[in-house]
Amino acid sequence: MLKIKTRDFGEIEVNEQEVIEFKEPIFGFKDQKKFVLLTEDSIGADFAWLQSLEDETLCFILVNPAIVSMEYQPVLPFNLEQTLGSGEKMLWLVVVLKETLESSTANLKSPIVINPITRLAVQVILDENYPVRYPLTGRKEGH
Amino acid sequence: MLILARKTGEALLVGDGVEIKVVEVSGDKVKLGISAPSDVKVIRKELVQTIEQNHQAAQMGVGLPAIRNLLGKLSE
């Protein structure tokens, strides 16, 4: 087990096999490569905390795309298989939380892609024309 | 906004020393060749936007109770 310090949950223990390594850094954060994905029972598995192991203050809130948009089925870059290894990939959206849910957004253009088997990840910028700031409540509002 | 029509192989000059050349057009994709001095940053707009969004996303200050509250509302 690995003892880690987290932004939102204090000091916790995680399994070493749970560590996710970013093959290319999350855009704008080139010094952080190792993260863990944490979920909370009270909120459910559609949301996750992507917590940096190298900087306890760095943490991203991620959401399952299905919560945000019904029609989100992006074509991933073909070289991802090489970068992350073969197999099914998990897709997560980076959330910008504001004071209210209505003003909070998710980035549909640049999802985080994780291979749960190899534990490798990247953030990709899709070729397709998805918005960088899409309302978190988009699906609730019927889009 | 200035809108100009260019053909493959034609170019534009922007300011001093920046040249943007149309290399290839196919379907809705245009390949551009950009020559610029080393102190001129050339960067895709969506990359800049993604970096901005990532930085905003990583900013603290919301706090766990507020996060729980907001996300709880969404998953209802």
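The values are calculated or read from the model by the stated rules, or taken from the named source; none is laboratory data. Small disclaimer: the values here were computed from a predicted structure and weren't measured. Reconstructed Cβ throughout: ideal geometry from the backbone, glycine too, with neighbour counts over all protein chains shown.
Given (1) within 8 Å of chain B (Cβ to nearest Cβ); (2) at pLDDT 95 or above; (3) under 17 Å from A:Ile20 (Cα atoms), identify the lone condition not met by A:Phe47.
Unmet condition: (2).
Can you spot a residue in region A:71-87 that is among the hydrophobic types (A, V, I, L, M, F, W, C), within 14 Å of chain B (Cβ to nearest Cβ) and touching a strand residue (DSSP E or B) at 6+ places or on another chain (Cβ under 6 Å)?
No: region A:71-87 contains no residue that is among the hydrophobic types (A, V, I, L, M, F, W, C), within 14 Å of chain B (Cβ to nearest Cβ) and touching a strand residue (DSSP E or B) at 6+ places or on another chain (Cβ under 6 Å).
From the set of residues in region A:95-115 that are more than 8 Å from chain B (Cβ to nearest Cβ) and either modelled with pLDDT of 95 or more or outside any loop (DSSP other than H, G, I, E, B) (or both), which is surrounded by the fewest Cβ atoms within 10 Å (Cβ to Cβ)?
A:Val113
Go over the candidates B:Val42, B:Val22 one by one and state the one that is over 30 Å from A:Ser103 (Cβ atoms), without any contact (Cβ under 8 Å) to a residue 40 or more places away in the chain and surrounded by 11 or more Cβ atoms within 10 Å (Cβ to Cβ).
B:Val22
From the residues in region B:63-73 that are in a helix (DSSP H, G or I) and more than 7 Å from chain A (Cβ to nearest Cβ), which one is surrounded by the fewest Cβ atoms within 10 Å (Cβ to Cβ)?
Top of the filtered list is B:Pro65.
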